[in-house]
Amino acid sequence: DKSVHVVYFHKTVSVLSLNPKMPMTGIIEKIVRHTKEPDNANFDLSEPLIWAALNKKCFDNILIMSYKKVVSSPEAFHNALKDYRTKLSLPSTKLAFIGLSDNTTIGNKLDLHTLEICGFNESVPPLIYNFFSGNMDFS
């Protein structure tokens, strides 16, 4: 897509400056550099959604990847997503969450605009692409 924003969250949300000509190794290095920070402690996964709402960041699709799935409650996460969609008048914003550590549930299983994935392998990128593109068959 022409408009992609990558942010990293630990205590606060930080925008990672990337460009389309950057090699994949450069992108990975920027992300890994943030993950090694000593302050990278547990956090509430709803914080990036709250940040996006407060900063009026309009997204059609949101992808969250985390190895620390900490939420105050699944309801709090779902409410943060609902508030984001409502405040920015984006009822169809889709959110995909990839948990890289355990099987914690973060969202509302009845929300067809939310996809939760546990683990990562070669089948995940096409799954996310199809979900964000609206090519999913839920029947």
What are the ³J(HN,Hα) couplings of region 75-89, residue after residue, when phi is run through the Karplus curve with 6.51, -1.76, 1.60 and θ = phi - 60°? Round to Hz, x for glycine and proline. 5, 4, 5, 4, 5, 5, 5, 4, 4, 4, 4, 5, 4, 9, 6
With an 8 Å Cα cut-off and a minimum separation of 6 or more residues, compute the relative contact order for region 42-133 in percent. 29
Taking square-rooted eigenvalues a ≥ b ≥ c of the alpha carbon gyration tensor, is region 42-133 rounded, prolate or oblate, where a/c under 1.5 means rounded and, failing that, a/b exceeding b/c means prolate? oblate
At 1.4 Å probe size, with the rest of the protein present, what percent of the exposed accessible area of region 42-133 is carbon and sulfur atoms? 55
DSSP-defined antiparallel bridges as percent of all bridges, region 42-133, nearest 5: 0
Spelling it out for Leu90: with amide H atoms placed in the peptide plane at 1.01 Å from N, the residues 5 or more places away or on another chain with amide H under 5 Å from its amide H are none
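The values are calculated or read from the model by the stated rules, or taken from the named source; none is laboratory data. What you see is a predicted model, and the numbers here were worked out from it, not measured in a lab. Ligands, DNA and RNA are stripped out before the accessible areas are found, and what is left, the full protein with its side chains, is counted by its heavy atoms. Shrake-Rupley method; radii C 1.70, N 1.55, O 1.52, S 1.80 Å.
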